[in-house]
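Chemist: Quick one: this structure, given as structure tokens, is what I'll be asking you about.
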Number of protein chains: 2
Amino acid sequence: MTFEIKYKDARGRAGVLKTPHGTLKTPALMPVIHPGKQTLDVSKYGAEMVITNAYLIYKNMDLRVKALKDGVHELINFSGPIMTDSGSFQLSLYGDIDVSNREIVEFQEKIGTDIGTSLDIPTPPFVGRRRAEEEMEVTLSRAKEALEVRNSLMLNSVVQGSTYPDLRAKCAQTLSEMDFDIHPIGAVVPLMESYQYSTLLDVIMASVENLPDSRPRHLMGAGHPMIFSFAVALGCDFFDSAAYILYAQDDRLLMPDGTYKLENLVEMPCSCPICNSYSPEELRIMKKAERTKLLAQHNLHISLAEIRQIRQSIADGSLWELVEKRCRNHPYLLDALRKMKKYTSELERYDPPYKKTAFFYSGPESLNRPEVHRHLERLNRLPRKKRLLLLPPTEKPYSKHVDQGVMNFYSNMKISDYSNTKIPDLAKFSGENLQIVVVDIPFVVIPLEIDEVYPLAQNEAPQTMDQDARKFLRDHLERFVEGYQEILVSAEALEIFNIPLENLDITGNPFHENEIKIPSINSLLNDEIKIRYIADYQFGSGSGKALFDGETNIIKSKKTGKIRYIYDGDDLIATLRARDGVLVLGMEGARRLHSHLPYPINRVVVNEDAEPFAREGKSIFAKFIIDCDMNIRASEEVLVVNQDDELLAFGKSILNAEEFTSFNTGQAVKTRKGGF
Amino acid sequence: MTFEIKYKDARGRAGVLKTPHGTLKTPALMPVIHPGKQTLDVSKYGAEMVITNAYLIYKNMDLRVKALKDGVHELINFSGPIMTDSGSFQLSLYGDIDVSNREIVEFQEKIGTDIGTSLDIPTPPFVGRRRAEEEMEVTLSRAKEALEVRNSLMLNSVVQGSTYPDLRAKCAQTLSEMDFDIHPIGAVVPLMESYQYSTLLDVIMASVENLPDSRPRHLMGAGHPMIFSFAVALGCDFFDSAAYILYAQDDRLLMPDGTYKLENLVEMPCSCPICNSYSPEELRIMKKAERTKLLAQHNLHISLAEIRQIRQSIADGSLWELVEKRCRNHPYLLDALRKMKKYTSELERYDPPYKKTAFFYSGPESLNRPEVHRHLERLNRLPRKKRLLLLPPTEKPYSKHVDQGVMNFYSNMKISDYSNTKIPDLAKFSGENLQIVVVDIPFVVIPLEIDEVYPLAQNEAPQTMDQDARKFLRDHLERFVEGYQEILVSAEALEIFNIPLENLDITGNPFHENEIKIPSINSLLNDEIKIRYIADYQFGSGSGKALFDGETNIIKSKKTGKIRYIYDGDDLIATLRARDGVLVLGMEGARRLHSHLPYPINRVVVNEDAEPFAREGKSIFAKFIIDCDMNIRASEEVLVVNQDDELLAFGKSILNAEEFTSFNTGQAVKTRKGGF
């Protein structure tokens, strides 16, 4: 079985899992198939993998005989990959079951399950610590035993530990050192049933952060589409749904925005074939069995559509937007979204810095997104100039509209304000000694040099600011201006930024000119200043000087007037990608960056086997990577080197550093060019 | 043609429109049918009414002849109601058309259109005021002319006035005095195309507020499902969609959360039959015509599903929740949602106070909802006691958990705090002289007597408060406590409420007891105090005394222990409805309330014709209502009287006061009992 990541967003991944019974896309929903009673062919609704219960088969003599004779695929009439559960669910329900771990693992192998499960103990939430610990130890020892017993059966191994994050972490760590294929996160159903999504968040994060990135994770028992996008954004890949049939039996319809009771419906709420063909009244007067079947179909349709939409949003880079919308479906889910703030740095490591779609601000929670955190961190590592000019926001990209903005800025200012306010005679400065920034939500401070770099131009926020945004702006702006000796700003702008003048420790003498010269702001910034700053922002301080020192030839697009190529003579140093304002290295650029940045910064180190392929410009597969800069995120421009730090190639990372080292399958770097 | 309201929520309504060609539900989407080129049978996808273009038929000799001979229903092969547009769209595109208003109105009547349109001038947004005014006058005069020309043709009359709210208002007012059947709100497409939803909000509100409630309103040219719920919440009933086919021709998929380009899709994003049956790749390699047809089907499926979900959410009383979710689909839509704050009082008049579903807080915007505004207004009109005890929030209903809450409140307080803090010796007080309130978001102050009245118990908010909620709590709490002589509160609670001690003008002496007696908070409130307060809150100050004076016999539910019935001897005064804690009048209660409340408070006055029916307990139809208390909202308990203010019956309002007087069709009051 192999698992590969195709697209990444937030901590989620859209991947491909190859199994002996076929290949499927993840995130995936596995409908639960009752081995004796199933009447619905779930593959017709798009299910690519299912889960069934080995214990129920084992306990029923007819089913057992048939499964041992014909195999589980024949038994439940499903030709795709099948996962089997071991009876832990029955254990959690009835307290005891009459099969041993060894027996049920051996049985699963015999009936030809694709992925079997050992007999873990599903410890409920909020039990005493001692019980949680003891039961976790049993779970671990049964996991070990399963490895010994199995022949070639692939195995699930369930993370337990109740609601103790450290126990979940310990369990995950221990399991990650053993040879398992998928990791369910177990015993979370009671949390979901009682809407305790904040605790669920902690349980998932403690587990995921300690499981290998190369193995899929399965949020066990999660079958309500309301929760899918949230769990995927935290790193879950599999869900299983008995809900589609259980809710149907109870005359309830699943929807991504909650649950609808058939008795309350005056309309069918979705676009699925069932909702298109029947009225609520028609369903209500139908015979129970027929109705249940139709509602189960609706439930499958809508659940699988939600999974497809999640995969699409990962490919688009809009998973955060989807999660922020879905979390409005219940205030407790919104609370969990708000509490994700404490995991921002963890999530940031996995979130690709460059995406296809714009960042949409959907409320105060958007301030906690990795993109915002990353930008403020990156700004912090850049050197400071002495003087700072703070400009109010305009339309984006700012540099296009800033001169009009500055005109308004001055023309709205009264003469009487001058003595108390910093009025810059801008003509005295240039971009060399003056840092010009636009102040805006959600990125707070946007240096004009990088105003077209993703996501600083590719974002939208409502004009009406919420109080959290005001506070965020004030707090971060106050911190940002600290390093500057002189701050140029109008009182009016401070009002816009919501900053009391006295809080800003403005040093230096105020300007007292009667006539203020207003040069074009853009004229203060030349192209060299701009590309160097972009490089510093993207690759770290000093990179701009290293890449663009000496004579550079900047070629602009005739159509847009934007910088496109930067050459040294005939040698391409870099391209400025029009879509997102990001520098894409050329041969010469890669060479220069490699000499400038000390090992291991920005490096992906491959072994000898991969060296010739890398030099030929072939893509780098994860299994050849032996080391890397642990700060690499997915979608970044990286250098590919050998163990002696000789530059072999350069390209775009598809995975992040943790994933480079965890995965043994799939592409890791899409090489742009080799041949050094 | 008759229009009736069945369910109400926000300013939206789910209604039924009867036309000569059949009855349909509103809100409704009318797919645009091209009279010559249509290949898709839109009725197969659930469209109950369509719109087609009379000018295009008029201009094409073949179509004209066929339409005049067989009628427009035969021409476009649609047997349901048909609306025709007059050519204004072509006028807006090409600046001039060669048909007169008179001609096109006559033509529409001849071809058997259900609802025709006069030749209005679609003035674009942001034109000069003079042009907007002049063109509006032309639109008005053509509307008048259409009335003169038409025989029995029903007529649309379009509200114009560009982006000048006062012109929109004037146009709407003028049209509302004339005999039209439906009112399109025109020339808003450019606003939607450029995401100027805040301006759209102002245009819709200025129009809707000045149109008769009894006529459906049509947001002309709105065909993107992203905007439907927002527009419905503001009072729009009809949409028309050419988008389903135009977007399909352009390989774009409509979704309630935005637009997807087929070229970017890796998955089909919804549950509709098309998204279930095809992959993006299969669609991409298909022939253009075939693909366009399938994408148009998807677009119709998803648009009509959104309309169904909107109708369902109106019936459920969860339209606000839907709107608040949909408005997260674009930051400019979120901005419009935030700007709806200025219309809260207008919206509140139409929003039913009692709903089936809980109030879900989805972000700072929820603070602007009518429910919150209404509660704070109602509290203001109640008399004040001298002393106020502020309690921190607990689980809901508060009265069930408040005693445990109070225990925690004291046990967490340190002795050293006492001298600076108000420590109540609660045993000294009773509910007669002490107002006990819980402080919580979003309703700020919840007197314990009414903690189970909708929506004070039926709401959820995230535990993690946003800054707007903190500010809202502080501002409103500061205002609320002003009238009290003594405020009992712990410093800890003030911290929870985010209120600096010095801001609270706390008078009276602090308590200095070493031993604090903590009686049960609930024991301070007896049932009499409770039901009187509920009545005062629901019907206005003094109603409690009027209803429950003298001997009352309070019967509680054996199962829940809650108050169910309040009798005077054998006479039922009122029932306390278990679902939402609202008082439902009995005969005796209606009688008492009628003598207590001066005319016209809480009255619906019916004419002589209706009097016998009302006395028999038959429901009251809008056309019989000749006067009413203009403060009546839908879903309230009201008194039905004759012109001499004799009590005839009592019941539940289905419409609000404005609608009582505007409508001539449909039920207005669901009578509970007559027979006085």
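Chemist: On a full-extension model of 0.36 nm per residue, what is the gain between B:Glu148 and B:Ile529, subtracting their alpha-carbon distance, rounded to one decimal in nm?
Modeler: On the way: separation 381, 0.36 × 381 = 137.16 nm, distance 6.27 nm.
Net length gain for the segment: 130.9 nm.
Chemist: Could you calculate the FRET efficiency of A:Lys341 with B:Ser194 from 1/(1 + (r/R0)^6), where r is the beta carbon distance between them and R0 is 35 Å, rounded to 0.05? The partial results should precede the final answer.
Modeler: Numbers: r = 34 Å, r/R0 = 0.97.
That gives a FRET efficiency of 0.55.
Chemist: For the stretch B:598-676, give the percent of accessible area contributed by carbon and sulfur heavy atoms, probe 1.4 Å, rounded to a whole number. Mind showing how you got there, number by number?
Modeler: Working: 1550 of 3250 Å².
Exposed carbon and sulfur together represent 48 percent of the surface.
Chemist: While we're here: Would you grab the residues whose amide H sits under 5 Å from the one on B:Lys673? Only those 5+ places off in sequence or on another chain, please, with H modelled 1.01 Å from N.
Modeler: Result for B:Lys673 returns B:Phe650.
Chemist: Something else about it: In square angstrom, rounded to the nearest 10, how much accessible surface does B:Leu147 have for a 1.4 Å probe?
Modeler: Its heavy atoms expose roughly 40 Å² to the probe.
Chemist: Let's test the formula: R0 of 22 Å, r as the Cβ-Cβ distance of A:Leu376 and A:Arg579. What FRET efficiency results, to the nearest 0.05? Working shown, then result.
Modeler: Numbers: r = 23 Å, r/R0 = 1.06.
Efficiency, from the Cβ-Cβ distance: 0.40.
Chemist: Once Rh for the stretch A:1-56 is found with the Kirkwood sum over Cα pairs, what is the Stokes-Einstein diffusion coefficient at 4 °C and 1.567 mPa s, in µm²/s? Before the final figure, lay out each step's value.
Modeler: Numbers: Rh = 12.8 Å.
The diffusion coefficient I find is 101 µm²/s.
Chemist: Which distances in nm, rounded to one decimal and ordered from shortest, link the label point of A:Gly561 to the equivalent label points in the other identical copies, with labels set 7 Å from Cα toward Cβ?
Modeler: Distances between equivalent label points, in nm: 7.5.
Chemist: Would you mind computing the Rg to Rh ratio of the protein assembly as shown from its alpha-carbon coordinates, Kirkwood style for Rh? Display every interim value, and only then the final one.
Modeler: Details: Rg = 34.1 Å, Rh = 34.9 Å.
Result for the protein assembly as shown is an Rg/Rh of 0.98.
Chemist: Please list the non-local residues whose amide H lies under 5 Å from the amide H of B:His34, H modeled 1.01 Å from N, same-chain partners needing a gap of 5 or more.
Modeler: Amide H neighbours of B:His34: none.
Chemist: So, how do all the Cα-to-Cα distances of the stretch B:598-676 break down into 5 Å bins, in percent, from 0 on up?
Modeler: Answer for the stretch B:598-676: a P(r) of 3, 21, 35, 28, 12, 1 percent.
Chemist: For the pairs B:Lys6/B:Lys44; A:Lys355/B:Lys287; A:Lys25/A:Lys59; B:Lys355/B:Lys562; B:Lys18/B:Lys355, note any where the Cα-Cα span goes beyond 22 Å. Numbers along the way, then the final one.
Modeler: Numbers: B:Lys6/B:Lys44 25 Å; A:Lys355/B:Lys287 31 Å; A:Lys25/A:Lys59 32 Å; B:Lys355/B:Lys562 20 Å; B:Lys18/B:Lys355 27 Å.
Over 22 Å Cα-Cα: B:Lys6/B:Lys44; A:Lys355/B:Lys287; A:Lys25/A:Lys59; B:Lys18/B:Lys355.
Chemist: Continuing with the same structure: With a 1.4 Å probe and every protein chain left in place, tell me how much accessible area A:Tyr567 has, in Å² to the nearest 10.
Modeler: Spelled out: A:Tyr567, probe radius 1.4 Å, area about 60 Å².
Chemist: Only four residue types carry charge here, +1 at the Cβ of Lys and Arg and -1 at the Cβ of Asp and Glu. Report the dipole size of the protein assembly as shown about the Cα centre in Debye, rounded to the nearest 20.
Modeler: Numbers: 164 positive and 190 negative charges, 286 e Å.
The calculation lands at about 1380 debye.
Chemist: Which value, in Å² rounded to 10, gives the accessible area of A:Lys261 with a 1.4 Å probe and all protein chains present?
Modeler: Roughly 100 Å² of A:Lys261 is accessible to a 1.4 Å probe.
Chemist: Using 7 Å Cα-to-Cβ label points, what is the A:Glu460/B:Lys400 separation (nm, one decimal)?
Modeler: About 4.3 nm separates the two model spin labels.
Chemist: Rank these by accessible area, largest first, 1.4 Å probe: B:Ser86, A:Ser194. Don't jump to the answer; show the numbers that get you there.
Modeler: Working: B:Ser86 0, A:Ser194 50 Å².
Sorted descending by solvent-accessible area, the residues read A:Ser194, B:Ser86.
Chemist: For B:Cys628, which sequence-distant residues (separation of 5 or more, or a different chain) have an amide H within less than 5 Å of its own amide H, given hydrogens modelled in the peptide plane?
Modeler: B:Val605
Chemist: Another question about this same structure. Could you provide, to the nearest whole Å², the per residue accessible area of the protein assembly as shown with probe 1.4 Å? Mind dumping the intermediate values first?
Modeler: Working: 51410 Å² over 1352 residues.
On a per-residue basis, the protein assembly as shown sits at 38 Å².
Chemist: What number, in nm² with one decimal, is the all-direction average of the projected area of the convex hull of the alpha-carbon atoms of the stretch B:2-342?
Modeler: On the way: hull surface 65.1 nm².
Its Cα hull, projected and averaged over all orientations, spans 16.3 nm².
Chemist: Where the Cα atoms of the stretch B:10-147 are projected onto their three principal axes, how long is each span, largest first, in whole Å?
Modeler: Here the Cα extents, ordered largest to smallest, are 47, 46, 27 Å.
Chemist: Also: Where the label is 7 Å out from Cα toward Cβ, how close does B:Ile285 come to the same position in every other copy, in nm, shortest first?
Modeler: So the distances to the same position in the other copies read 4.7 nm.
Chemist: If you don't mind, another one. For the stretch B:521-676, compute the orientation-averaged projected area of the C-alpha convex hull (one quarter of its surface), in nm².
Modeler: Numbers: hull surface 37.6 nm².
Averaged projected hull area, Cα only: 9.4 nm².
Chemist: Same structure again: Which of the residues in the stretch B:451-470 show a loss of at least 50 Å² in accessible area from their chain by itself to the complete set of protein chains, at a probe of 1.4 Å?
Modeler: Buried-area filter returns B:Glu460, B:Pro462, B:Thr464, B:Gln467, B:Asp468.
Chemist: With a Förster radius of 51 Å, plug the Cβ-Cβ distance of A:Asp475 and A:Glu74 into 1/(1 + (r/R0)^6) and report the FRET value to the nearest 0.05.
Modeler: On the way: r = 63 Å, r/R0 = 1.24.
E between A:Asp475 and A:Glu74, to the nearest 0.05, is 0.20.
Chemist: A follow-up question, please. In Å², nearest 100, what accessible area do chains A and B bury in total when the solvent probe is 1.4 Å?
Modeler: Chain pair A/B: roughly 4600 Å² of buried accessible area.
Chemist: Label B:Met286 and B:Asp644 with points 7 Å out from Cα along Cα→Cβ: what is the distance between them in nm?
Modeler: For the pair B:Met286/B:Asp644, the computed spacing is 7.2 nm.
Chemist: With no solvent and one point on each alpha carbon, what is the Debye value of log10 I(q)/I(0) for chain B at q = 0.05 Å⁻¹?
Modeler: -0.29
Chemist: What list of ³J(HN,Hα) couplings, whole Hz, do you get for the stretch A:270-281 from phi and the Karplus terms 6.51, -1.76, 1.60, once you set θ to phi - 60° and write x for glycine and proline?
Modeler: Running phi through 6.51 cos²θ - 1.76 cosθ + 1.60 with θ = phi - 60° gives 10, 9, 6, x, 5, 5, 7, 9, 10, 9, x, 5 Hz.
Chemist: Measuring from label point to label point, each 7 Å out along Cα→Cβ, what is the B:Thr23 to B:Arg564 span in nm?
Modeler: Those two pseudo-labels are separated by 3.6 nm.
Chemist: Using a 1.4 angstrom probe with every protein chain in place, what is the largest-first accessible-area order of B:His21, A:His298?
Modeler: Numbers: B:His21 70, A:His298 0 Å².
Highest to lowest solvent-accessible surface, that is B:His21, A:His298.
Chemist: Shortest first and in nm with one decimal, please list how far the A:Ser595 label point sits from its counterparts in the other copies (point 7 Å along Cα→Cβ).
Modeler: 10.3
The values are calculated or read from the model by the stated rules, or taken from the named source; none is laboratory data. Every value quoted in this text rests on a predicted model; they were computed, and no experiment measured them. Heads up, the Cβs are rebuilt from the backbone with ideal geometry, glycines too, and the neighbour counts pull from every protein chain shown. Protein only, heavy atoms only, side chains kept; ligands, DNA and RNA dropped before computing areas. Shrake-Rupley method; radii C 1.70, N 1.55, O 1.52, S 1.80 Å.
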